[in-house]
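All of the numbers you see were taken from the coordinates with simple rules; none came from a lab. Predicted, not measured: the structure shown is a model, and the values here were computed from it. Backbone-built Cβ (ideal geometry, glycine too); neighbour counts: all protein chains shown.
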């Protein structure tokens, strides 16, 4: 299996981490400085995470997973699936979202077979 990281100047750098963090942050409609403040890190440090020039500590990495509600495997590149939280939703709302996802997948499978 390919390793999702490389060594750079004696530090481990995680391939694609910055891009994932940027997409997740924008999905929350946050500016870098807002996300940094919520995570308790300096904006310049957070910028380094997104630009792949700085790797977060294990503690910050864990905080990032919790903050964005994703698995460590997702951020490390082992798992392509992103988890979304349904916390606070009713059973009916969860069922509706599940139905929408199923219909979306069916629609795209039909589109692919039509091509």
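What to note about this one:
- Per-residue Cβ neighbour rank within 10 angstrom, fewest leading, 87, 50, 19: 87, 19, 50
- Residue exposure sequence - 23, 70 - by fewest surrounding Cβ within 10 Å: 23, 70
- Sequence of 28, 20 once ranked by neighbouring C-beta atoms within 10 Å, starting from the fewest: 28, 20
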